[in-house]
Amino acid sequence: MKKIAIMTAGGDCAGLNSAIKSIVMTANTQGIEVLGVMDGYIGFVEGRYMPLNAEIVRSIEIKGGTMLGSSNKECPFHYYNKETGEFEDRVDEGIEKLKAQNVEGMVIIGGDGTLDSARVIYEHGMPTVGIPKTIDNDMSASEPTIGFQTAIDAAVDAIRKIITTAYSHRRVMVVELMGRTSGYLTLYAGFASGADIILLPEQDYSLKVVCDKVNEIMNSGKRYVIIAISEAAKEKGGEETIAQIVKDSFEQKRYGGVSQKLAAEIEQLTGYETRATILGHIQRGGEPTTSDIILGARLGNAACQLLVHGEPGYIVGIKGGNVVKMAFPKERVPRILDMSTNDLCKTAKDMGVCFGQENE
Ligand code: F6P
């Protein structure tokens, strides 16, 4: 193999640049050229690239985001045509454009949607290896995924700031975290920042239980309550809170606003002043933790070595602390947070954290 391409797609996160650098350096030391595909599947379909070499990737591992750019709406086999309003399959066209650049293989870094498209690209004849990344940590291919640890730290840092204003004002603070339908980020960041109540999408909460817990905490003499809630969490019998439906996106739901709804309900039912904060993209931004730099480098190296040694068709990830490979699954297999077996859930429950459930 003489030339490979790298692409990052889906929501960005910290640690992607470390993976890019690792792939470039691993390839270059074997005399293999590397081309970067710009802006995820947009650049794949449109044929927009940049050359990558040791000089260009020098020190990029300490920066957040992705130097190649990303996009999280586009899917190459269900690609929105702005002129006709129709969705089209553009996979073969993207592959042909890369082949015209003498590219013989690809490393694609992304979440489960991105890597499902990577599978399709592989099945259409481009040797491909995938690397899992997402702050949501909801991929069966790796535990953890690139970006998860940095997002936890960013959220914990923000919640600690919220705590100082909460105790000054004797307030209930409802903090909304990303993660889509996965509660990992809220659980880990909520626990590590000392949240009193953690509400996850995996188990609908009881508003009565939440309000009773707020009253109990405030009556105990503690001056504030912190509630960490996942963006897709909902009350028993209620609906998810959707901020926007993005019609031209493969994943059309954009969550947002559940914290504001819950804060208004708590204030009304308990009488305590309550405020909501949506942490938003702060969780995806900033410099990577050292653990994400190292994770990106390990997975970048493993993916590049598989590809250049003629073993495409895999996703590389971490299992039990080791780098492992798994064949591209035939369909998206999310990693579900099982609250009845997860040991951090159990630890938190044993320590008195409320998950909004009647039988706690
Ligand atoms: O999947 C990653 C993620 O950050 C989710 O946690 C969040 O719901 C979504 O992306 C936000 O996407 P966007 O950047 O389009 O607002």
Gaussian network model of the chain, Cα within-10 Å springs - most flexible of Ala141, Ala348, Ala297: Ala348
Additional length obtainable on full extension of the chain from Thr341 to Lys208, 0.36 nm per residue less Cα span: 45.4 nm
Which of Met178, Met351 has the fewest Cβ neighbours within 10 Å, and the rest in rising order: Met351, Met178
Rel. contact order, % - alpha carbon contacts under 8 angstrom, at least six apart, region 87-177: 19
Relative exposure of Glu123, Glu235, judged by other C-beta atoms within 10 Å (fewest first): Glu123, Glu235
Tail fraction, Cα-Cα pairs, the chain, threshold 33 Å, whole percent: 33
Per-residue [θ]222 nm for the chain (sum of -39500 (n - 2.57) over DSSP H runs n ≥ 4, rounded to 500): -11000 deg cm²/dmol
For region 1-53, with +1 on Lys and Arg beta carbons and -1 on Asp and Glu, the positive-most of Asn17, Met1, Ile42 along the dipole: Met1
Relative contact order (%) - the chain, alpha-carbon pairs under 8 angstrom, separation at least six: 23
Nearest-0.05 FRET efficiency for Phe87 and Asn322, computed from C-beta distance (R0 51 Å): 0.85
Highest-fluctuation residue, Cys211, Cys75, Cys13 considered, GNM on the chain with Cα pairs under 10 Å: Cys211
Cβ-derived FRET efficiency at R0 22 Å, Asp248 paired with Glu46, nearest 0.05: 0.90
Residues Asp157 and Arg332, FRET efficiency given R0 of 30 Å [Cβ-Cβ distance, rounded to 0.05]: 0.45
The chain: antiparallel DSSP beta bridges as a percent of all, rounded to 5: 30
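Every read-out reported here was derived from the displayed coordinates using simple, explicitly stated rules and does not represent laboratory data. Note that the coordinates shown come from a computational prediction; the quantities given were computed from them, not determined experimentally. Ideal geometry is used to build each Cβ from the backbone, glycine not excepted, and the neighbour counts take in all protein chains shown.
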